[in-house]
């Protein structure tokens, strides 16, 4: 630390509050002069011999800082107070103190004191020689900087952590100031954008990202004015003019008073995922179109052949072909539903459970519903948190329970049951058919093989719909030997299950 030179005021004493006491302000008796002087200084202060650095007097704040009484301190030298005899920057403390003259020079440095084993503090030291009662004295003031140093160390640690994260994550990371210009960023932003640090500094976010053909003004407005965290799919404009698709997420930075003073943003490159999604979308549309058209041809000619042939064996074989084509058409339709579901990214809403069940059954073909007895026991008072497509999941399960039922009198039961938790309810769909094959149930545990993927697509669809509402699906065998599907659903806020019975063995 450099020394600060002032005008010659060797007979003046500078108090911690900045006031100056001249020779005429001090009593004439030296001991009383020193005591009077120290009592007027609010910060921890010791008065020493300027040559030997022996302590001749201390004030009360100094005894509290050092943890020693006045008598002990006056038997010590100033150097004895330190953990080491050098300042924080490595200069001998004695050299700094003894080089202080009586011409007004003042020495400042930082030091670690450790007068006892229990006391270790980081302090700021300010020292100067002053004439007190006709004698030169070295006045040394101490200011405890331990907490400041600890805070600075913690801040440096946090900055290193942030820098390490910023350098590691596979995304662009940046910080904006109050006016929406860049103040900090990671190296990846420089690499991707093609701009160097000097060019990026204070560059507006509008110059880097656009939403379609428009600047990302709404992102900044929502972040700075509303304090919202905003996510957008945007284009990053590089220095060469290239447009790279990015998913941009920006959130506000607050002061301790809750005012927005900036924004933090992260951007993920969507080039690979966008290209993959585009290719998959084209492939899916082509395959589904050809798939549906060819199967319709097969179904049409097969039904015509069945009508024209009298041989029972041949008719049985053709009926099997027609049934297989019908199943494949339903798989194609389910894949179309799955694609829509994945594109929507739906959020849960409150739906009446009884209404969802009724809508699901009403959506099924009359010819299918007429083949079975469907018993429904769902109270009208129950409301659940599910996505809008939830009735389609119920319809898929009821359809499956009827279509694959080989009983002479197919029966399907849809029943709501109370769970021990007040926040959840179970919806059971049971039947008296052959049950769901283990290969299809395996899709929910990740144990299915490639040949079994298509057969379990309907269950995947049901599972994704239920999971999107934070629910779960479980499949087992019913008491009647058929399938038992349990949908565990979250109740809407404020709804209870008092109108329902608890789950019993009949549900199992």
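The values are calculated or read from the model by the stated rules, or taken from the named source; none is laboratory data. Since we're looking at a predicted model, the values are computed, not measured. Cβ sites come from the backbone with ideal geometry, for glycine too, and all protein chains shown count toward neighbours.
How many residues are within 17 Å of residue 250 (Cβ to Cβ) and in contact with a strand residue (DSSP E or B) (Cβ under 7 Å, 6 or more places away or on another chain) when one looks only at segment 146-191?
So the count comes out to 18.
State whether the residues of segment 142-151 include one that is under 24 Å from residue 32 (Cα atoms) and surrounded by fewer than 21 Cβ atoms within 10 Å (Cβ to Cβ).
no
Show me the helices (runs of 4 or more DSSP H) found entirely inside segment 107-201 where at least 1 residues are more than 30 Å from residue 217 (Cα to Cα).
Filter on segment 107-201 gives 146-168.
If you check 63, 98, 74, which single one turns out to be free of Cβ contacts under 8 Å to residues at least 24 places away in the same chain, out of contact with any strand residue (DSSP E or B) (no Cβ under 8 Å at 6 or more places or on another chain) and closer than 14 Å to residue 140 by Cα?
None of the other options fit; the residue is 63.
Consider segment 218-235. How many of its residues are in contact with a helix residue (DSSP H, G or I) (Cβ under 7 Å, 6 or more places away or on another chain) and either outside any strand (DSSP E or B) or closer than 13 Å to residue 174 by Cβ (or both)?
Of the residues in segment 218-235, 2 are in contact with a helix residue (DSSP H, G or I) (Cβ under 7 Å, 6 or more places away or on another chain) and either outside any strand (DSSP E or B) or closer than 13 Å to residue 174 by Cβ (or both).
Hand me the list of strands (runs of 3 or more DSSP E) wholly inside segment 335-417 holding 1 or more residues that are in contact with a strand residue (DSSP E or B) (Cβ under 7 Å, 6 or more places away or on another chain) and within 16 Å of residue 432 (Cβ to Cβ).
Where strands (runs of 3 or more DSSP E) fall fully within segment 335-417 and carry at least 1 residues being in contact with a strand residue (DSSP E or B) (Cβ under 7 Å, 6 or more places away or on another chain) and within 16 Å of residue 432 (Cβ to Cβ), they are 373-377.
Condition first: over 24 Å from residue 37 (Cα atoms) and touching a strand residue (DSSP E or B) at 6+ places or on another chain (Cβ under 6 Å). Now tell me which residues in segment 114-135 satisfy that.
114, 120, 121, 122
Conditions (1) touching a residue at least 60 places away in the same chain (Cβ under 8 Å); (2) on the phi < 0 side of the Ramachandran plot; (3) not assigned by TED's automatic domain parsing to the domain that holds residue 217, marked per residue:
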{"position": "136", "(1), (2), (3)": "yes, yes, yes"}
{"position": "142", "(1), (2), (3)": "yes, yes, yes"}
{"position": "155", "(1), (2), (3)": "no, yes, yes"}
{"position": "159", "(1), (2), (3)": "no, yes, yes"}
{"position": "163", "(1), (2), (3)": "no, yes, yes"}
{"position": "175", "(1), (2), (3)": "yes, yes, no"}
{"position": "179", "(1), (2), (3)": "no, yes, no"}
{"position": "194", "(1), (2), (3)": "no, no, no"}
{"position": "203", "(1), (2), (3)": "no, yes, no"}
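What are the pairs, 6+ residues apart or on separate chains, where a residue within segment 287-300 that is assigned by TED's automatic domain parsing to the domain that holds residue 322 and surrounded by fewer than 15 Cβ atoms within 10 Å (Cβ to Cβ) has its Cβ under 9 Å from a residue that is part of a helix (DSSP H, G or I) and at pLDDT 80 or above?
296/325
Yes or no, residue by residue, for (1) surrounded by 17 or more Cβ atoms within 10 Å (Cβ to Cβ); (2) within 18 Å of the chain's Cα centre (by Cα):
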position	(1), (2)
165	no, yes
189	yes, no
193	yes, no
196	no, no
202	no, no
206	no, no
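Here is a check on your reading of the model: is residue 426 more than 17 Å from residue 458 (Cβ to Cβ), assigned to a strand (DSSP E or B) and either within 36 Å of the chain's Cα centre (by Cα) or assigned by TED's automatic domain parsing to the domain that holds residue 334 (or both)?
It is true that residue 426 is more than 17 Å from residue 458 (Cβ to Cβ), assigned to a strand (DSSP E or B) and either within 36 Å of the chain's Cα centre (by Cα) or assigned by TED's automatic domain parsing to the domain that holds residue 334 (or both).
Checking residue 229 against (1) buried (at least 18 other Cβ atoms within 10 Å of the Cβ); (2) closer than 15 Å to residue 260 by Cα; (3) under 19 Å from the mean Cα position of the chain (by Cα), which test does it fail?
With respect to (1) buried (at least 18 other Cβ atoms within 10 Å of the Cβ); (2) closer than 15 Å to residue 260 by Cα; (3) under 19 Å from the mean Cα position of the chain (by Cα), residue 229 is out only on (1).
Looking at (1) farther than 26 Å from residue 37 by Cα; (2) surrounded by 13 or more Cβ atoms within 10 Å (Cβ to Cβ), which is the one condition that is false for residue 160?
(2)
Is it the case that segment 444-460 has a residue that's at pLDDT below 75, within 22 Å of residue 424 (Cβ to Cβ), assigned to a helix (DSSP H, G or I) and over 32 Å from the mean Cα position of the chain (by Cα)?
No, segment 444-460 has no match at all.
In this structure, is residue 104 at positive phi, surrounded by 15 or more Cβ atoms within 10 Å (Cβ to Cβ) and either in the same structural domain as residue 121 (by TED's automatic domain parsing) or at pLDDT below 90 (or both)?
When the stated conditions are applied, residue 104 passes them.
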